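Input: a single structure, listed below in structure tokens.
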Amino acid sequence: MCSLGFKNTTESIPWREAFVEFEDNAQGAALAGARHKEVLTQRKLAELTGIPQRHISKMENGKRPIGKKNAKALSKVLDIDYRLLM
């Protein structure tokens, strides 16, 4: 530990290297992770955003682009920067 309480991360690796299975769908993985962090189901997230649940499912699975409008609506509910979903 450094004197300010920070941990030495020189041996860490970027998350994209650690989780290569998410490489092709980083935005969907970010959406699913943020949703789980807030303990929300897809159905509840759909209710809170007005985005159909089937669309949220497709976005999380990389079968539908999220788009700026949806990213902004999702980010408000999930309390994240919308650019994480772009």
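Bear in mind these aren't lab numbers, they're just calculated from the coordinates by the rules spelled out. Every value quoted in this text rests on a predicted model; they were computed, and no experiment measured them. No Cβ is skipped: glycine too gets one built from the backbone with ideal geometry, and neighbour counts run over all protein chains shown.
To keep it simple, each residue is scored yes or no on (1) in contact with a helix residue (DSSP H, G or I) (Cβ under 6 Å, 6 or more places away or on another chain); (2) assigned to a loop (DSSP other than H, G, I, E, B).
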{"residue": "Asn8", "(1), (2)": "no, yes"}
{"residue": "Phe22", "(1), (2)": "yes, no"}
{"residue": "Gly28", "(1), (2)": "yes, no"}
{"residue": "Gly33", "(1), (2)": "no, no"}
{"residue": "Val39", "(1), (2)": "no, yes"}
{"residue": "Leu45", "(1), (2)": "yes, no"}
{"residue": "Arg64", "(1), (2)": "yes, yes"}
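Selection of first residues in segment 51-71 that are without any contact (Cβ under 8 Å) to a residue 12 or more places away in the chain and of second residues that are assigned to a loop (DSSP other than H, G, I, E, B) and surrounded by fewer than 16 Cβ atoms within 10 Å (Cβ to Cβ), restricted to Cβ pairs under 8 Å at least 6 apart or on distinct chains, gives the following pairs, ordered by first then second residue: Lys58/Arg64. Of the listed requirements (1) farther than 17 Å from Lys76 by Cα; (2) over 15 Å from the mean Cα position of the chain (by Cα); (3) not hydrophobic (A, V, I, L, M, F, W, C), Asn61 misses just one: (2). Scanning segment 72-86 for residues that are farther than 17 Å from Asn25 by Cα, without any contact (Cβ under 8 Å) to a residue 40 or more places away in the chain and not small (Gly, Ala, Ser) yields Lys72, Lys76, Val77, Asp81. Check whether at least one residue in segment 40-54 is at positive phi, of a type in the set (A, V, I, L, M, F, W, C) and over 12 Å from the mean Cα position of the chain (by Cα), and report yes or no. For segment 40-54, residues at positive phi, of a type in the set (A, V, I, L, M, F, W, C) and over 12 Å from the mean Cα position of the chain (by Cα): absent.
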